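**Student:** Here it is: the structure, laid out below.
Readers should treat all values here as calculations from the given coordinates under stated rules, not as data from a laboratory. Quick caveat, the model's predicted, so the values are computed rather than measured. No Cβ is skipped: glycine too gets one built from the backbone with ideal geometry, and neighbour counts run over all protein chains shown.
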């Protein structure tokens, strides 16, 4: 089961996030999928949220650095890279590129992803985009 879950998790990043294949989301995400970093549950809300992210960062790319699977959980360490061309959480488009870190934990059941918890280093991203500065 671990190899199947590892393949499933990798497909999420390779095919959905990087490949922009929303039909794969229909295949590997539960219709009741809960993304704990997004405001609204459900696979369709995930698609809407991801469309918003790709409007802000049209070239966003996620690199899986580490992927560990234990039973029904997958832990993933990520590097994310993108150019901010849209407004993000109240910050105007900067036109700058940024690279930041992230970590996800996925809960997998019966061959589909049912929920995900995400943490992102948004402070580092906002510093690179020029929206924040360290105090002098």
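**Student:** Going by how many other Cβ atoms sit within 10 Å of their own, how do 115, 32 line up, fewest first?
**Tutor:** Values: 115 17, 32 11.
Taking fewest neighbouring Cβ atoms as first place, the list is 32, 115.
**Student:** Let me ask something else. Can you sort 69, 76 from fewest to most other Cβ atoms within 10 Å of each residue's own Cβ?
**Tutor:** Values: 69 20, 76 23.
Ordered by Cβ neighbours within 10 Å, fewest first: 69, 76.
**Student:** By how many degrees, between 0 and 90 and to the nearest 10, does the Cα long axis of helix 43-56 differ from the longest principal axis of the chain?
**Tutor:** 30 degrees
**Student:** Could you check the simple spin-label distance between residue 119 and residue 22, using points 7 Å along Cα→Cβ, in nm with one decimal?
**Tutor:** 3.1 nm
**Student:** Hey, another quick one. Rounding to the nearest 10 and keeping the result within 0 to 90°, find how far the Cα-based axis of helix 2-11 lies from the longest principal axis of the chain.
**Tutor:** Its long axis makes an angle of about 40 degrees.
**Student:** Can you sort 131, 81 so the residue with the fewest Cβ neighbours within 10 Å comes first? Please list the in-between numbers first.
**Tutor:** Numbers: 131 18, 81 15.
By the 10 Å Cβ count, ascending, the order reads 81, 131.
**Student:** Under the 0.36 nm per residue contour assumption, what length would be gained going from the current alpha-carbon distance of residue 54 and residue 101 to full extension?
**Tutor:** On the way: separation 47, 0.36 × 47 = 16.92 nm, distance 1.73 nm.
Gain on stretching residue 54 to residue 101: 15.2 nm.
**Student:** Another question, if that's okay. May I ask for the Rg/Rh ratio of the range 24-114, computed from Cα atoms with Rh as the Kirkwood radius, given to two decimals? Walk me through the numbers on the way to the answer.
**Tutor:** On the way: Rg = 14.4 Å, Rh = 14.4 Å.
On the Cα set of the range 24-114, Rg over Rh gives 1.00.
**Student:** What do you get when you divide the Cα radius of gyration of the range 1-62 by 2.2 N^0.38 Å, with N the number of residues? All intermediate terms of the calculation are to be shown ahead of the outcome.
**Tutor:** Working: Rg = 11.7 Å, N = 62, 2.2 N^0.38 = 10.6 Å.
Expressed relative to 2.2 N^0.38 Å, the Cα Rg reads 1.11.
**Student:** To the nearest 0.05, how large is the calculated FRET efficiency for residue 63 and residue 133 if R₀ is 25 Å and r is the Cβ-Cβ distance? Walk me through the numbers on the way to the answer.
**Tutor:** Values: r = 27 Å, r/R0 = 1.08.
Using R0 = 25 Å, I get an efficiency of 0.40.
**Student:** Related question: How large is the helix-only mean residue ellipticity at 222 nm for the chain, computed as the sum of -39500 (n - 2.57) over DSSP H runs with n ≥ 4, divided by its residue count, in deg cm²/dmol to the nearest 500?
**Tutor:** Numbers: 4 runs with 38 residues, N = 136.
The helix contribution divided over the chain gives -8000 deg cm²/dmol.
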